[in-house]
Amino acid sequence: MAFTLPELPYAKDALAPHIGADTMEVHYGKHHAGYTKKLNAAIEGTELENKSIEDILANVSQHSGAVRNNGGGFYNHDLFWQVMSPNGGGNPTGAIADAISGAFGSYDGFKEAFSKAAATRFGSGWAWLIKKADGSLAVTSTPNQDNPLMDIVADDEKGTPLVGLDVWEHAYYLNYQNRRPDYITAFFNVINWDKVNELFANA
Ligand code: MN
């Protein structure tokens, strides 16, 4: 059973001006589609065809580099689209609001930690808000298409992703050129806190 490119939960221009339609066109239509296609090629005819993406990532150290890179890319982008919304942004709501205040002192404290993780990731990668196995929240970052579900990640950076921000240049260059900090600031205007609460409750 092959993985399929998930549908975008909104129109390609819905996140503008924070993320423009031209970026979405290439990022979803080319990059995410490419990871999906290459993941399927990498697992074709293997036992991984019958596994969930979460299961594949949890044991990724046993698989090929192609599975690691494209399996990560497939999962990470799916999460990324879902944790953004044209109706998003503003202060967190619900249970995640209390958990963020508890872990980071305040929403501003979280924004500072998350922005730093995203800005200081050298080269390509992702910034994350995760829920660890012990229930605590943490901000982390990973290189390339790695993520906190993978068994190659250090124990204290492992967990269920609740928010993921793509800081590859392909995610922001058309809108922001080299200004990654401006892109990070804009991301907070589109975070889908309803979805983050759902992920938090199920983690
Ligand atoms: Mn990307």
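Nothing in this text is a laboratory measurement; each read-out follows from the coordinates by a stated rule. Every value quoted in this text rests on a predicted model; they were computed, and no experiment measured them. Counting neighbours? That spans all protein chains shown, and the Cβs are built from the backbone with ideal geometry, glycine included.
Table for the structure above
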{"quantity": "Descending principal axes extents, the chain, alpha-carbon based, whole Å", "calculated": "48, 40, 29"}
{"quantity": "Label-reachable residues, the range 168-186, where backbone N falls under 13 Å from a point 7 Å from residue 119's Cα toward its Cβ", "calculated": "179-186"}
{"quantity": "101, 61, 85 arranged by Cβ crowding within 10 Å, fewest neighbours leading", "calculated": "61, 101, 85"}
{"quantity": "Projected area averaged over orientations for the range 95-141, convex hull of C-alpha atoms, nm²", "calculated": "3.2 nm²"}
{"quantity": "Spin-label model distance (nm) - residue 50 vs residue 21, 7 Å beyond Cα toward Cβ", "calculated": "4.5 nm"}
{"quantity": "Gain on full stretching of the segment that runs from residue 4 to residue 91 - 0.36 nm per residue minus C-alpha separation", "calculated": "28.0 nm"}
{"quantity": "Span-like helix ranges in the chain, DSSP H, alpha carbon extent 15 angstrom or more, Kyte mean at least -1.0", "calculated": "33-43, 65-82, 94-104, 107-120"}
{"quantity": "Within-15-Å neighbourhood charge of residue 131 [Cβ basis; K, R +1; D, E -1]", "calculated": "-4"}
{"quantity": "13 Å beta-carbon shell around residue 100, net charge (K/R +1, D/E -1)", "calculated": "-1"}
{"quantity": "Surrounding net charge for residue 31, when Lys and Arg each add one and Asp and Glu each subtract one, Cβ distance under 14 Å", "calculated": "-1"}
{"quantity": "Computed magnitude of the charge dipole of the chain (debye, nearest 20; Cβ of K, R +1, Cβ of D, E -1)", "calculated": "380 debye"}
{"quantity": "Packing rank of 12-25, 38-51, where each peptide gets the mean count of other beta carbons within 10 Å, highest leading", "calculated": "12-25, 38-51"}
{"quantity": "Calculated from backbone phi, Karplus (6.51, -1.76, 1.60) coupling profile of the range 167-175 in Hz, x at Gly/Pro", "calculated": "10, 5, 4, 5, 7, 9, 5, 5, 8"}
{"quantity": "Calculated [θ] (222 nm, deg cm²/dmol) that DSSP helices of n ≥ 4 give over the chain, each run adding -39,500 (n - 2.57)", "calculated": "-12500 deg cm²/dmol"}
{"quantity": "Entries of 37/195; 111/195; 131/195; 111/132; 111/158; 132/195 with Cα pairs more than 23 Å apart", "calculated": "37/195"}
